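Peer 1: Dumping the structure here so I can ask a few things about it.
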Amino acid sequence: MSSVHPVPAEWAANAKINAERYESMYAAAANDPDAFWRKEAMRLDWMTPFTKIKNTSFHEADFGIKWFEDGALNVAANCIDRHLAERGDAVAILWEGDSPGEDRRITYRELHEEVCRLANALKANGVRKGDRVTIYLPMIPEAAFSMLACARVGAIHSVVFGGFSPDSLSGRIQDCDSTLVITADEGLRGGKKVPLKANVDEALAQCSSVSRVLVVRRTGGDILMKDGRDVWYHEAVAKASAECPAEAMSAEDPLFILYTSGSTGKPKGVLHTSGGYLVWASMTHEYVFDYRPGDIFWCAADVGWVTGHTYVVYGALANGATTLMYEGVPNHPDFSRFWQIVDKYEVDIFYGAPTAIRALMREGEEWVKKTSRKSLRLLGSVGEPINPEAWEWYYRVVGDERCPIVDTYWQTETGACMMTPLPGAHALKPGAASKPMFGVKPVIVDAEGKVLEGPTDGNLCITDSWPGQMRTVWGDHERFFQTYFTTYPGKYFTGDGCRRDEDGYYWITGRVDDVINVSGHRMGTAEVESALVAHAKVAEAAVVGYPHDIKGQGIYAYVTLNANETESAEVRAELVKWVRQEIGPIATPDVIHFAPGLPKTRSGKIMRRILRKIAEGDTSNLGDISTLADPSVVESLVTSRSVPA
Ligand code: 6R9
């Protein structure tokens, strides 16, 4: 058991939320949500004030989720325009390029101009309120401009991470029928070029809905511009006016779609709306990070993930913060890069992922210790459970035992933080997501759905709605209801396992469904399996997660080849390459285990429990295998297991 770190006296005295305030606000949100959220929603500027506040039900008979439904606002105006009078010359976005020496500072006034111009360019290219725009960009300021320009005209953006393959991109464009794509010639990550425009060209071969592609010139690399379809971003914005009125949007009008992996089928288009999402993003950004005007806030996530949406862009800018956007990776040009950036900009708050911390930890303390980091006040972690060793290293080496760590648990579906310690209110327990945010009512249930009390272990559900909750799966409302509200009727099921300790602290124990978390990125095992079986040599595949030192979980694939194929190192390499092409590099299998047969029940169900145990190397107790059609399969898998060091 590792140590507990009490709230430092100066944090208890000065933080926005101390222990007492946490308790009273938590109770207020639970007991009178309308009063609590009426007040919190006033942090935003509304074009039409709302009179209704919470109108939600998780029950089948009257299922529905609406917040502030008769109010109207514009998200981009809230993130930009209302700061102009007082903070027009303050820096909104600090951009640090992939290699040292390249940077940009964009003030709120400049952000306003950039976004208005692009918004007008979108309109000139046919984009109307409610249309979908796919954004496939590297971490450059134009990514934020694009999101905000969509919000300004009322278009719905769908950001696709630049690491996804043309196939994944085209699936995401087709699912929501985007009419316009914003991309760049090439991306740059760790000195390597990513052929974004070429990927778009390939993806669009299968997408008939797209009539325009705006192309940002990032590297100047050689690309193809298709006549009548492709337009240079810089030319389009140069022609456009710098004034663009912000569209009045109903609080429940969609803001964005973000695709995420689930346990079944293809990725789901998680839909977030305008009012509730922004209240939730802004409130959590302020309280969780104890944000103060003037702070330099660095969320190291890519805008292709929800963390980038909520904390690089919307939450931070709604609060008038200076948000740092970094194009590159933690180890380029060397392992000091993150901390050099912290020193260069005097970053106050750093928010990163456990996988990066573990990778840097492996390289030793010197890379960190040769930098100052004295500007840092608070550290954050997100994306997966952080193991106590990595937590302690982050605390001791990066934060010099001075900076509290907020371990924020949340999901694409939840819009922003659901559980976290608050730095002025809660003693820190390394590895614990700790306490629920205001308005979040967690319960732990057993397999039958019985609510468990006191210290316990089980499945994490949320019993009532919060403003930033997703509203639907794009194009499939039934799937939304089925996925999240039927396993435990009347409750939102997170898909995560969870433990509550004797102090009422929550500990996330990882996914209990067929989702694996690779370096903080969600991957459905079904997605990797269907990519594998799409290969001509593969008869059958089963994919599970296994513990990986750096990635948290690695991808372990059991593959049965067609009868006429021979298992070889070449076929293994071919399959790995194939999956990278089909889905993207983040889905690269770590292990391909050739399996002449898979353990199945007599009714033909693959026994994943057994495959997981073998992948984990925990073969001493495989449990009951007597129900298997052919128990000898297990023995052969155990003896042929080999995991690279
Ligand atoms: C924000 C984000 C969601 C899944 C979630 C859980 C895991 C995220 C965590 C964490 C333990 C944390 N997760 N943060 N587990 N502690 N602090 O990551 O969204 O990409 O949708 O992933 O990630 O398993 O269910 P998303």
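The values are calculated or read from the model by the stated rules, or taken from the named source; none is laboratory data. It should be emphasised that the depicted structure is a prediction, and the values quoted were computed from it without experimental measurement. Don't worry about glycine lacking a Cβ; one is built from the backbone with ideal geometry, like all the others, and counts go over all protein chains shown. Note: areas computed on protein heavy atoms with side chains; ligands, DNA, RNA excluded. Shrake-Rupley method; radii C 1.70, N 1.55, O 1.52, S 1.80 Å.
Peer 1: Calculate for the chain the 222 nm mean residue ellipticity that helices alone would give, adding -39,500 (n - 2.57) per DSSP H run of length 4 or more and normalising by residue count, nearest 500 deg cm²/dmol.
Peer 2: -8500 deg cm²/dmol
Peer 1: Take the Cβ-Cβ distance between Ser632 and Asp549 as r, set R0 to 45 Å, and report the resulting FRET efficiency rounded to the nearest 0.05. Please report the intermediate quantities before stating the final value.
Peer 2: Values: r = 32 Å, r/R0 = 0.72.
With a Förster radius of 45 Å, E is 0.90.
Peer 1: Select from region 245-351 those GluC sites (Glu not before Pro) which occupy a DSSP coil region and have at most 16 other Cβ atoms within 10 Å, ordered by residue number.
Peer 2: Glu346
Peer 1: Let me ask you something else. Please name whichever of Gly315, Ala13, Val91 sits farthest to the positive end of the charge dipole of the chain, dipole taken about the Cα centre and charges placed at Cβ: Lys and Arg +1, Asp and Glu -1.
Peer 2: Toward the positive end, the furthest listed residue is Val91.
Peer 1: Here is a further query. How big is the charge dipole of region 519-640 about its Cα centre, in debye rounded to the nearest 20, if each Lys and Arg gets +1 on its Cβ and each Asp and Glu gets -1 on its Cβ?
Peer 2: Values: 13 positive and 15 negative charges, 68 e Å.
So the magnitude is around 320 debye.
Peer 1: I've got another one for you. What whole number of Å gives the distance from the Cα centroid of region 153-171 to the Cα centroid of region 359-374?
Peer 2: After rounding, the separation between the Cα centres reads 35 Å.
Peer 1: Return the FRET efficiency for the residue pair Glu363, Glu478: r is the Cβ-Cβ distance, R0 is 56 Å, and the value is rounded to the nearest 0.05.
Peer 2: Taking R0 as 56 Å, the efficiency between Glu363 and Glu478 is 0.70.
Peer 1: For region 519-640, build the charge dipole from Cβ charges (+1 Lys, Arg; -1 Asp, Glu) around the Cα centre, then report which of Ala526, Thr639, Ala536 sits farthest towards its positive end.
Peer 2: Going by the Cα projections, it comes out as Ala526.
Peer 1: Given axes a ≥ b ≥ c from the Cα gyration tensor, I'd like to know whether region 519-640 is rounded (a/c under 1.5), prolate (a/b larger than b/c) or oblate.
Peer 2: oblate
Peer 1: Can you pull out the cysteines in the chain that have no other Cys Cβ under 4.7 Å?
Peer 2: So far as the 4.7 Å Cβ criterion goes, Cys79, Cys150, Cys176, Cys207, Cys299, Cys403, Cys417, Cys461, Cys498 stand without a partner in the chain.
Peer 1: If the reach is capped at under 22 angstrom between alpha carbons, list the lysines near Lys266, excluding any in the same chain fewer than eight residues apart.
Peer 2: Lys577, Lys605
Peer 1: Also, quick follow-up: Using a Förster radius of 30 Å, what is the FRET efficiency between Ser620 and Glu23 based on their Cβ-Cβ separation? Nearest 0.05, please.
Peer 2: Working: r = 45 Å, r/R0 = 1.52.
E(calc), rounded to 0.05, equals 0.10.
Peer 1: Next question, about the same structure. Is the shape of the chain rounded, prolate or oblate, going by the alpha carbon gyration tensor and its root eigenvalues a ≥ b ≥ c, with a/c under 1.5 for rounded and a/b larger than b/c for prolate?
Peer 2: Verdict is rounded for the chain.
Peer 1: Could I ask something else about it? Positive end of the dipole of region 326-421, charges at C-beta (+1 Lys, Arg; -1 Asp, Glu), about the Cα centre: which of Met361, Gly415, Ile341 has its Cα farthest in that direction?
Peer 2: My answer, from the dipole projection, is Ile341.
Peer 1: Percent of accessible area on region 519-640 owned by carbon and sulfur, 1.4 Å probe?
Peer 2: Solvent-exposed carbon and sulfur of region 519-640 make up 51 percent of the total.
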